[in-house]
Amino acid sequence: MKVTKQVLDALCSTKLFVGVSRKNLSDLLEAQEKTIVTYKRGDVIYSPDNYESSLGFIIRGSVNVIKPASGVIISTLSKGEVFGAITLYSQRGYYVSKLVAATETKVLFIDKSTINVLMIQDKALAINFISYLSDRLYYLNSRIDSFTGGSAESRLASFLIESFGGYKTLQLKQPYTKLADSLDIGRASLYRAFDSFVSSGAIEKDGKYIRLLNEEKLREYINN
């Protein structure tokens with residue numbers, strides 16, 4: 001399947017593919033049978049027992065990453081982000097989460113065999129892949145620390161800073177009850193933590209829309 005220059009440019013700008021030969025990548029992608037798939041809102045892309053050994057790159061739309069047992073939305077992936085790297089070479093036989101299209105979403109899939117060939121042809125991808133997985137380990141450990149220790153304010157502050165991801169405005173993708181469950185705190189404690197952040201001038205809050213005003217103030221709540 002033909003991959004457009006715009007999509008190839010976006011893919012090669014990601015941490016995984018920066019420095020990788022564009023020609024080799026383009027040739028291998030065009031040789032694949034299934035490359036780009038469009039999903040309607042609510043479509044399940046991957047689930048624990050229904051997935052493929054492929055790397056997914058979001059061309060358009062967004063994808064909710066859901067904890068299968070509780071239905072809690074762990075995070076939301078947006079245009080330009082990838083999924084599937086952690087389980088690509090796993091021998092576990094199941095996918096670790098449930099991926100659901102939050103909006104109409106278009107995904108470029110790169111199968112495992114293509115990744116294997118690229119790694120042999122271009123060591124940049126192998127180095128990038130190791131670096132990416134290392135960063136994910138740091139991230140997952142920080143998530144464990146923020147969700148399992150400290151006060152309600154500390155857990156919520158850690159969650160918000162990670163969710164902002166460098167942006168100033170955040171739209172929560174899950175009900176407050178599920179957010180409280182995912183942080184392992186009571187709903188009343190969650191609301192009090194939000195009130196504290198607003199009173200201190202760290203954030204503004206309007207329903208599910210949260211605007212970051214002062215990241216330093218928000219970080220003061222972590223581990224306090």
Scope region 48-94; condition more than 26 Å from Asn128 (Cα to Cα) and open to solvent by less than 20 Å² (accessible area, probe 1.4 Å); matching residues:
Val72
Please work out which residue is nearest to the chain's Cα centre (by Cα), limiting yourself to region 166-208 and to residues that are basic (Lys, Arg) and outside any loop (DSSP other than H, G, I, E, B).
Lys178
Suppose we filter region 48-99 for residues that are among the hydrophobic types (A, V, I, L, M, F, W, C) and in a loop (DSSP other than H, G, I, E, B); how many remain?
6
With the structure loaded, tell me whether Thr103 is at pLDDT 90 or above, assigned to a loop (DSSP other than H, G, I, E, B) and over 11 Å from Gly56 (Cα atoms) or whether it fails that test.
yes
Test of understanding: among Phe129, Phe109, which residue is outside any helix (DSSP H, G or I) and modelled with pLDDT of 90 or more?
Phe109
Failed item, numbered, when Val3 is tested on (1) in a loop (DSSP other than H, G, I, E, B); (2) open to solvent by 80 Å² or more (accessible area, probe 1.4 Å); (3) more than 17 Å from Tyr95 (Cβ to Cβ):
(2)
Got a sec? Which of Ile161, Ile203, Ile210 is β-branched (Val, Ile, Thr), open to solvent by less than 50 Å² (accessible area, probe 1.4 Å), modelled with pLDDT of 85 or more and out of contact with any Ser or Thr (no Cβ under 8 Å at 6 or more places or on another chain)?
Ile203
Looking at region 27-47, can you tell me whether even one residue there is acidic (Asp, Glu) and either in contact with a Lys or Arg (Cβ under 9 Å, 6 or more places away or on another chain) or not in a loop (DSSP other than H, G, I, E, B) (or both)?
yes
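The values are calculated or read from the model by the stated rules, or taken from the named source; none is laboratory data. Everything numeric here is computed off the predicted structure, so don't read it as measured data. Note that each Cβ is placed from the backbone with ideal geometry, even for glycine, and that neighbours are counted across all protein chains shown. Side chains are part of the model used for accessible areas, which takes the heavy atoms of the whole protein and leaves out ligands, DNA and RNA. Shrake-Rupley method; radii C 1.70, N 1.55, O 1.52, S 1.80 Å.
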